[in-house]
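Here's the structure we're looking at; comments come further down.
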């Protein structure tokens, strides 16, 4: 399958505009999700041996393997039911905003094959919380899923910064009942002023409001995670961690895309967030820093620059509990997650 993707499918997809190829991938995965017998057969083929490998237990959930599909691929909950068939141990949809929005003008997604990288400035293009909730209501619910489902929330572009809490709360109220865990995304570089929500005072206000709404759900409380940027200083990370701990968030996702332009990318004019292999070292450094700062008591989902067993393994060694991929799937194929999960499981079993 990897050979077919590398020699046949990828060359065809790479003839398309990057975003158009992404849309084709989402539609193909959504179609696979409707083919239940095929999904079950693929899932059985890709699954780790239950007798040999134990699932990862974190957030009160069981993950059949460490590899998840990061937010950004399935923005509107169209394709995720097929994720287990492709070898993923969890999937995160979104980013979803309270209001439907088209995102930034096209073109807004650019491949750099030699570096296995992507720059995007999508701008949270999505159908909005109401439409996504309606779709999720017709899909497998809690207790009937093959793998855990996370829902990633962002701020609507039209919402003023001082009304961000209300905007996130609206999305949270619409979508929390469908999620196994929820993520607050305050770190995309493609929504104006969004990263200002990582400032201590604004973050305290936002996390306090969402945490209170979550506690009000009682037994239906959902694990809450915060997704942070790789461009924070260690001092800023310390302040973010203090707020996370203050409001009892369950974990952190490290990291989002970077606005840094190092090495070859110093001469690249496209604006937006850089993802893929160039992010490998920085995301690992932040994971290691968080793990040490929190003495391992805050679960971390590691994202950024995972493109083989070594880059994945170093993030687990640095302190990540789970991992997520997206850009590497563009270059390595739709079943890269299965191969990566199997390799990591065998590595840990040695």
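Taking the options 263, 313, name whichever one is in contact (Cβ under 8 Å) with a residue 12 or more places away in the chain and loosely packed, with under 15 Cβ neighbours inside 10 Å. Selected residue: 263, the only one of 263, 313 that is in contact (Cβ under 8 Å) with a residue 12 or more places away in the chain and loosely packed, with under 15 Cβ neighbours inside 10 Å.
Residues in the stretch 200-209: is at least one touching a helix residue (DSSP H, G or I) at 6+ places or on another chain (Cβ under 7 Å) and under 21 Å from residue 149 (Cβ atoms)? No, the stretch 200-209 contains no residue that is touching a helix residue (DSSP H, G or I) at 6+ places or on another chain (Cβ under 7 Å) and under 21 Å from residue 149 (Cβ atoms).
Anything in the stretch 3-23 that is surrounded by 13 or more Cβ atoms within 10 Å (Cβ to Cβ) and farther than 30 Å from residue 299 by Cβ? List them, or say none.
The answer is 5, 6, 9, 10, 13, 14, 17, 18, 19, 20, 21.
Filtering the stretch 36-61 to residues that are touching a strand residue (DSSP E or B) at 6+ places or on another chain (Cβ under 9 Å) and surrounded by 14 or more Cβ atoms within 10 Å (Cβ to Cβ) leaves 55, 56, 58, 59, 61. Quick check on the stretch 261-268. Is at least one of its residues more than 18 Å from residue 205 (Cβ to Cβ), touching a helix residue (DSSP H, G or I) at 6+ places or on another chain (Cβ under 7 Å) and modelled with pLDDT of 95 or more? There is at least one residue in the stretch 261-268 that is more than 18 Å from residue 205 (Cβ to Cβ), touching a helix residue (DSSP H, G or I) at 6+ places or on another chain (Cβ under 7 Å) and modelled with pLDDT of 95 or more.
Just for strands (runs of 3 or more DSSP E) wholly inside the stretch 102-213: which have at least 3 residues that are crowded, with 22+ Cβ neighbours inside 10 Å?
Passing ranges, in order: 117-120, 149-153, 181-185.
Out of all the residues in the stretch 321-343, is one or more in contact with a strand residue (DSSP E or B) (Cβ under 6 Å, 6 or more places away or on another chain), at pLDDT 95 or above and surrounded by fewer than 23 Cβ atoms within 10 Å (Cβ to Cβ)? Scanning the stretch 321-343, I find at least one residue that is in contact with a strand residue (DSSP E or B) (Cβ under 6 Å, 6 or more places away or on another chain), at pLDDT 95 or above and surrounded by fewer than 23 Cβ atoms within 10 Å (Cβ to Cβ), so the answer is yes. Does residue 76 meet the test of being in contact with a strand residue (DSSP E or B) (Cβ under 8 Å, 6 or more places away or on another chain) and either surrounded by fewer than 23 Cβ atoms within 10 Å (Cβ to Cβ) or touching a residue at least 24 places away in the same chain (Cβ under 8 Å) (or both)? When the stated conditions are applied, residue 76 passes them.
Residue by residue, here is whether (1) closer than 23 Å to residue 314 by Cα; (2) touching a helix residue (DSSP H, G or I) at 6+ places or on another chain (Cβ under 6 Å); (3) surrounded by 16 or more Cβ atoms within 10 Å (Cβ to Cβ); (4) free of Cβ contacts under 8 Å to residues at least 60 places away in the same chain holds:
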residue	(1), (2), (3), (4)
220	no, no, no, yes
223	no, no, yes, no
249	no, no, yes, yes
257	yes, no, yes, no
270	no, no, no, no
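Scanning the stretch 281-298 for residues that are crowded, with 20+ Cβ neighbours inside 10 Å and closer than 28 Å to residue 335 by Cα gives 283, 284, 286, 287.
The values are calculated or read from the model by the stated rules, or taken from the named source; none is laboratory data. No experiment lies behind these values; they were computed from the predicted model shown. Reconstructed Cβ throughout: ideal geometry from the backbone, glycine too, with neighbour counts over all protein chains shown.
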